[in-house]
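Shown next, in structure tokens, is the structure this report addresses.
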């Protein structure tokens, strides 16, 4: 396995356009490199950590493929209710360490693999070749694949794909320059990602302090705990929040504190503060994933 940083797309709020670009769905899972060598399989995370024992179902499926090659792709689990990839389910699966629990999870809900790049084929390193050539080689290699192995489709119209993603609440779109080589990390201007986001009106009911300083806000919506948010807070907002009157009893629903608040230094606000937040999605537990504060008390951040 060559040691390198997988190529990562750069976040943007506008997809590049033109004939020299192709577009793919952004799959909400775990980045996974798969090294296949005539029945032997090694899986690695984007940080180079071994993952074959964590995803034995995926390793077994790949072991049935002939040849020697190195794939870059995404390991995903679909939510049966929505049909969309569920990052939360992948997190739960990735945390398992007991072999018996891993085997049970693999039988109940096998991981699917979406390959989007082919980095080596046989003894040849393809990373210096244009993306369009690597994509064509991947499609040829994968012509006979069956579930749970798939390849990411390449679309010519980024705006149309973005509209599809927004209408169906998928994670986003990746734009790739068709003549680009495979670069390490983000040292390039060839791959970009645009991500969708929820926008919610909620309330801040508490201020969390760390080492005596304002660190984040406790959020709720319709009386339900939504999570804690720090992203978006600037120095002015922290100064204002630090001066708000507090009360000894929380405005949050009665009962034990949510896990994310236990042990935190919380000063509950005397009056709830209206906030606008964005986030990736609401988890099954009703928490906002990747919350970011956009406005507090009507003031944009």
Segment 50-112: relative contact order from alpha carbon pairs under 8 Å, six or more residues apart, as a whole percent, is 45
Starting from the 7 Å offset along Cα-to-Cβ, what nm value, one decimal, do you get for the label separation of residue 294 and residue 64? 4.5
For the pair residue 270/residue 46, report the inter-label distance in nm, with labels modelled 7 Å from Cα in the Cβ direction. 4.6
Take every Cα pair under 8 Å in the chain that's 6+ residues apart, average their separations, divide by the length, and report that relative contact order as a whole percent. 18
Compute the helix-to-body angle for 99-108: its Cα long axis versus the longest principal axis of the chain, expressed 0 to 90° and rounded to tens. 80
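Could you grab the relative contact order for segment 114-235? Cα pairs under 8 Å, six or more apart, rounded to a whole percent.
On the way: 144 pairs, mean separation 21.3, N = 122.
Over segment 114-235, the number comes to 17 percent.
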Label-point separation, residue 100 to residue 38 (7 Å along Cα→Cβ), nm: 3.8
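Contour minus end-to-end for residue 197 and residue 4, with contour as 0.36 nm per residue of separation and end-to-end as the Cα-Cα distance? Walk me through the intermediate numbers first.
Numbers: separation 193, 0.36 × 193 = 69.48 nm, distance 3.07 nm.
Full-extension gain reported as 66.4 nm.
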Mean ellipticity per residue at 222 nm, deg cm²/dmol - from DSSP H runs of n ≥ 4 across the chain, formula -39500 (n - 2.57): -5500 deg cm²/dmol
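Using 1/(1 + (r/R0)^6) with R0 = 30 angstrom and r between the beta carbons of residue 285 and residue 211, what's the FRET efficiency to the nearest 0.05?
Between residue 285 and residue 211 the formula returns 0.60.
FRET efficiency for residue 13 and residue 164, Cβ-Cβ distance as r, R0 = 22 Å, nearest 0.05?
Working: r = 18 Å, r/R0 = 0.82.
Using R0 = 22 Å, I get an efficiency of 0.75.
Express in nm, to one decimal, how much length is gained between residue 132 and residue 147 on full extension, taking 0.36 nm for each residue of separation and deducting their alpha carbon distance.
Numbers: separation 15, 0.36 × 15 = 5.40 nm, distance 2.42 nm.
Answer, rounded to one decimal: 3.0 nm.
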Quickly rank 78-84, 55-61, 177-183, 293-299 as a protection proxy: mean count of other C-beta atoms within 10 Å, highest first. 55-61, 177-183, 293-299, 78-84
Going 7 Å from the Cα of residue 247 in the Cα-to-Cβ direction, what parts of segment 199-216 have a backbone nitrogen less than 16 Å from that spot? 203-207
Longest principal axis of the chain (C-alpha) makes with the long axis of helix 158-168 (C-alpha) an angle, in degrees to the nearest 10, of 50
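We did not get these values from a lab; they are worked out from the coordinates using the rules stated. Only a predicted model underlies this, so the values are computations on that prediction, with no experimental measurement involved. Cβ: placed from backbone, ideal geometry, glycine included. Neighbour counts: every protein chain shown.
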